[in-house]
Amino acid sequence: MEIPKIYESDKTESKWYDYWMKNGFFNSQPDEREAYTIVIPPPNVTGVLHMGHMLNNTIQDVLVRRARMLGKNACWVPGTDHASIATEAKVVNKLKAEGIDKKNLTRDEFLEHCWEWTHKHGGIILDQLKKLGASCDWNRTHFTMDEGYYKAVIQVFVDLFEKGMIYRGVRMVNWDPQAHTALSDEEVNYKEVNSKLYYVRYKIQDAEDEWVTIATTRPETILGDTAICINPTDERYKHLAGKNVIVPIANRIIPIITDEYVDPEFGTGCLKITPAHDPNDYEIGIKHNLDSIDIFNDNGTLNENGGEYQNKDRFDVRKKIAKDLEAQGYLIKTEDHINKIGFSERTDAVIEPKLSLQWFCKMEDLAKPALDNVMNDNIAFHPPKFKNSYKHWMENIKDWCVSRQLWWGHQIPAYFFGKGMNDYVVANSIVEALEKAKAITGNAKMTVHDLKQDEDVMDTWFSSWLWPIAVFGGFDKDNDGKEIDYYYPTNDLVTAPEIMFFWVARMIMAGYEYKGELPFKNVYYTGIVRDKLGRKMSKSLGNSPDPLSLIEKYGADGVRVGMLLSSPAGNDLPFDSAQCEQGRNFTNKIWNAFRLVKSWEVKDFEQPEYAKKGIEWFENQLNARLVEINSSYDQFRISEALMSTYKLVWDDFCSWYLEIAKPAYGQPIDSTTYQKTLELFEALLRIIHPFTPFIAEELWHLIKERPDKDCVIVAKWPEAKKVDETITKGFEIAEEVITNIRNIRKEKNIANKVEIDLRIKKNQNTDTSFDAIIQKIGNISSFEYIENKVDNAFSFIVKSNEFFIPFSEDIDVEAEIAKLKEELQYTKGFLKSVEGKLNNQKFMAGAPEQVVANEKRKQEDALNKIKVLEEKLGSYV
RNA sequence: GGGCGAUUAGCUCAGUUGGUUCAGAGCACCUGCCUUACAAGCAGGGGGUCGUAGGUUCGAAUCCUACAUCGCCCACCA
């Protein structure tokens, strides 16, 4: 069989992915096995795969694949999120490009465009995941607007409403004037902005040329002022309390009130109050019973209260009004000022605090169990440091504004039967609503046409917080519950810390509210994928490589390894394609190891001692690595599990084992060693499979012909047997001897193919069981233990034993002496420090027994070595 | 403004309750090799007073206190 020298990933990946799919290896049905469940964080339906997804989903796939091999019934549920505001924004833009204005469409027409867009783009990201090797149960693909899911969301809304946990009210909300919708606090990002502080004076009513000056960053809101506020303790202004002032330009009369809230140190110590456009002013307005004048339209232009500025944009008005104030002598001065301004997470528009009628969800009761069960580690965060910010958020949680003035999403199931604020019912369907409305109004003649459903939809997260329950039909009353009982609670959630509040916290709340139980046992937080300059990878910066071309270039396995090489949980991943290159090199290394093994000619003859010993060592070493690997996995230290796997393959197997086992050039290998090597290779393929599934499967089948269902993806994870420390230690000594031999070969320019002799003078009883390996690797023709030192030889010392390589030419005695002296000096220094400790009475009294014993052993070893070195030096004189 | 976390080799990170070979790994780097599985490779090697300053201790990367720098989260100062 001709095997190419380079592993060709593109030829194998789709082949095996199709094969796995065909055999249904990704699919899961409840059975008697233990379930292992992950629900995917559903990506936005209209998105494409980015590097963050790559990292996130690689981790999930690694966990799922290993769980499957551990004999669990692994179920990874994929799906997408309708992403209400993001998708709606995209569709609006797309229509705009086609010359269609959303305003001219009916709701149904617009939704049709949304669905079209969803169907066109929805599958892209899932297909990309397949290229990465994601072993999701695709039969279970869900979408947050699927019929059943939609029903569940409505049902939860109705339920919470009936429990009194959802209410409707006028509140100051974050208004996005571009998307024309309210946003939750979590959807607002605050950024520092250079702005100006305008000092504006207001004339005191009925006074001769008496003025009061306020400082504001938003002069346009003067048109909405309904009071001036001062601190009651402020001596400068005390006398003004109760008087009235005239609002410049608007020429309205407003009162001067006092409130502790005002900081006398800031600005002039006088604050203008605009209850309709500032959250604090709103509070003060309520407290002092002030009027509230809304001056903005929903799109950020001024409304009829804006007078001559009506229909102009808020930022234009700011400039214009500043000029006008100046011209009319109201503007005293302006100062540069840095303040924080809220921006919409989705549209990046400057948020306008705005009074509006919205739906809210009470959080206090929901938050309690969600906080407690994270703090007590019933739900474990990895890394645990995220518990801190989770706690802080949960303890200061505010009610959740769940309504959005959008069309794409789950429409709020409130049905209005009259014009009043409270003339509505909340119901699962319009039929149900009609019954309720009839009951309330006593109007038996009412029909569905008398009902008008609330136009708004719900926040996207109001659907995704139900994900771990809804994907298993947990809200469907007609469902037999077999699925939800079996798969819920899920095991691990892998997600980004950015959505800890948006999503993770709320899933936990929903879990306790609706299942009385946690939704997952572990939350693994990934970091942010950054470029070499430390910038977040994003489409707008154009610094993100295309995942699919990476896969094309390095292979999916190579990319997976590259992503995981240095990404401990919670740490950002500084991405460098060199890491994928390393990953690809790793797959190639395995490939070539396989080529070597397959190239051997096999014959029946007695197994050489070195091979026997090599197998004994490697089996032990494999167990040792397996213990490390399992422990790393159990602690969610995926990068460390990968590194141990990497070393097992590269260092232990390729660099040591294969070099030991391989026959001399042109010579055959004995069948025992050959069979054993294949067995060991299979064990390696199992262990690498979660990280590099494609090449593992390819080699699994190249090793031998197998029945259909015999695939590494469903093979058993190897069992870690007890590690024999004497083997580990013994081999370490052999390694040290071999390294010394290699060094001498290199220093003296003795090619590896030139055989040499080795003589050993034993001064200490050490493990000799790997002598055959030293002989093989060192290419030693004659290997003997002797009593006396050898003249004219290169020499070195390992564990007080002297090794000699006799050489016909004269050796450089001076150099040998210098080397010995140096080593002697070091050892003496070492001894001194050890004896310093042993002579310290406080150390002897305070240190534990074991530590003292160790120091004593170190002393003994050092004394021994000094003796050998001195004798050796003496022999040169 | 409040809180949290970090600072260990050029880079990315390990380092479990202070005490064995505790100063480590991978990559990068340097040297020598196209040796017959792999140059996407092999063999060997250099490199850090563990952010700074104090303190506790027989002993500190590890514990304590300040300070410095960076990052994250939260927050209504106009």
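The values are calculated or read from the model by the stated rules, or taken from the named source; none is laboratory data. All values reported here derive from a predicted model rather than from experimental measurement. Note: ideal-geometry Cβ built from the backbone for every residue, glycine included; neighbour counts use all protein chains shown. Please note that ligands, DNA and RNA were not included when accessible areas were found on the heavy atoms of the full protein model with its side chains. Shrake-Rupley method; radii C 1.70, N 1.55, O 1.52, S 1.80 Å.
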remark   = With the charge dipole of the range A:801-877 built from beta-carbon charges (+1 for Lys and Arg, -1 for Asp and Glu) about the Cα centre, the Cα from A:Ala862, A:Val852, A:Ala815 projecting farthest to the positive end belongs to A:Val852
request  = Apply the Karplus parameterisation 6.51 cos²θ - 1.76 cosθ + 1.60, with θ equal to phi minus 60°, to every residue of the range A:219-225 and state each ³J(HN,Hα) to the nearest whole Hz, in sequence, with x for glycine and proline.
outcome  = x, 5, 7, 3, 5, x, 5
ask   = Residue by residue through the range A:788-793, which ³J(HN,Hα) values in whole Hz follow from phi under the Karplus form 6.51 cos²θ - 1.76 cosθ + 1.60 (θ = phi - 60°), with glycine and proline marked x?
value = 10, 5, 9, 7, 6, 9
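How big is D, in µm² s⁻¹, for the range A:455-558 by Stokes-Einstein at 37 °C and 0.692 mPa s if Rh is the Kirkwood radius over C-alpha pairs?
Working: Rh = 16.5 Å.
Translational D for this selection: 199 µm²/s.
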request  = Roll a 1.4 Å probe over the protein heavy atoms and report the accessible area of A:Met51 in Å², nearest 10.
outcome  = 0 Å²
task = Calculate how large, on average over all directions, the projected area of the Cα convex hull of chain A is; give the answer in nm² to one decimal.
result = 53.3 nm²
task = Under 10 Å from the Cβ of A:Ser356, count the other residues' Cβ atoms, weight Lys and Arg +1, Asp and Glu -1, and hand me the total.
result = 0
key: Estimated 222 nm signal from helices in chain A, with DSSP H stretches of n ≥ 4 weighted -39500 (n - 2.57), rounded to 500   = -13500 deg cm²/dmol
query = In square angstrom, what is the accessible area per residue of chain A with a 1.4 angstrom probe?
reply = 46 Å²
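What is the sum of charges, Lys and Arg at +1 and Asp and Glu at -1, for the other residues whose Cβ falls under 12 Å from the Cβ of A:Trp393?
On the way: positive: A:Lys387, A:Lys391, A:Lys398, A:Arg506; negative: A:Asp185, A:Glu186, A:Glu395.
Cβ neighbours under 12 Å give a net charge of +1.
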inquiry  = What do you get for chymotrypsin sites (Phe, Trp or Tyr not before Pro) in the range A:308-399 restricted to DSSP loop and a cutoff of at most 10 other Cβ within 10 Å of the site's Cβ?
reply    = none
note = Of all C-alpha pairs within the range A:239-322, those more than 14 angstrom apart amount in percent to 70 percent
inquiry  = Apply the a/c threshold of 1.5 to the C-alpha gyration tensor of the range A:552-711 and tell me whether it is rounded, prolate or oblate.
reply    = prolate
query = In what sequence, highest mean first, do A:498-506, A:835-843, A:370-378 appear when ranked by Cβ atoms within 10 angstrom?
reply = A:498-506, A:370-378, A:835-843
Antiparallel %, DSSP beta bridges [both residues in chain A], to 5 = 70 percent
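Name the trypsin sites (Lys or Arg not before Pro) in the range A:393-443 that are in a loop by DSSP and that have at most 16 other C-beta atoms within 10 Å, would you?
Working: sites: A:Lys398, A:Arg404, A:Lys419, A:Lys436, A:Lys438; in loops: A:Lys398, A:Lys419.
Sparse-neighbourhood loop trypsin sites (Lys or Arg not before Pro): A:Lys398, A:Lys419.
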message = I want to make sure I understand the PRE zone here: with the label point 7 angstrom from the Cα of A:Thr768 toward its beta carbon, which residues in the range A:711-750 have backbone N atoms less than 15 Å away?
response = A:734
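Kirkwood hydrodynamic radius (Cα pairs, Å) of the range A:342-461? Spell out each step's value before the answer.
Details: mean 1/r = 0.0568 Å⁻¹.
Computed over the range A:342-461, the radius equals 17.6 Å.
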ask   = Mind listing which GluC sites (Glu not before Pro) in the range A:31-115 are in a DSSP loop and have 13 or fewer other Cβ atoms within 10 Å?
value = A:Glu32, A:Glu34, A:Glu98
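Ordering A:His288, A:His449, A:His119 from largest to smallest accessible area (1.4 angstrom probe), what's the sequence?
Numbers: A:His288 60, A:His449 160, A:His119 135 Å².
The most accessible residue leads, giving A:His449, A:His119, A:His288.
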task = Quick one: which residues, 5+ away or cross-chain, put their amide H under 5 Å from the amide H of A:Phe343? H built at 1.01 Å from N.
result = A:Asn189, A:Tyr190, A:Lys191, A:Ile351
inquiry  = Relative contact order of chain A, please, whole-number percent, based on alpha carbon pairs below 8 angstrom and at least 6 residues apart.
reply    = 12 percent
message = Applying a 10 Å radius around every beta-carbon, put A:554-560, A:652-658, A:516-522 in order of their mean neighbour count, most first.
response = A:554-560, A:652-658, A:516-522
message = Within 13 Å, Cβ to Cβ, of A:Thr144, how many net charges do the neighbouring residues add up to if Lys/Arg are +1 and Asp/Glu are -1?
response = -3
query = Considering the alpha-carbon set of the range A:477-617 alone, what are its Rg and its Dmax in angstrom?
reply = 23.5, 70
key: Debye-sum result for the range A:98-226 in log10 I(q)/I(0), which assumes one identical scatterer on each alpha carbon, at q = 0.18, 0.21 Å⁻¹   = -1.28, -1.35
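Ignoring ligands, DNA and RNA, what percent of the accessible area of the range A:41-87 is carbon or sulfur (1.4 Å)?
Working: 390 of 700 Å².
Ligands and nucleic acids excluded, carbon and sulfur give 55 percent.
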Cα long-axis angle, helix A:84-97 against chain A (0 to 90 degrees, to the nearest 10) = 70 degrees
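Roughly what % of DSSP beta bridges within the range A:196-327 run antiparallel, to the nearest 5? Walk me through the numbers before you get to the answer.
On the way: 17 of 20 bridges.
Given both bridge residues lie in the range A:196-327, the antiparallel proportion sits at roughly 85 percent.
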ask   = Which far-off residues, 5 or more places away or on another chain, put their amide H under 5 Å from the one on A:Ser135, with H placed in the peptide plane?
value = none
query = So what's the range A:763-847 giving for Cα Rg divided by 2.2 N^0.38 Å, two decimals?
reply = 1.52
request  = Consider just the alpha-carbon atoms of the range A:321-380 and return their Rg together with their Dmax, both in angstrom.
outcome  = 22.4, 66
key: q = 0.14, 0.22 Å⁻¹: log10 I(q)/I(0) that the Debye formula gives for the range A:30-70, counting C-alpha atoms only   = -0.42, -0.78
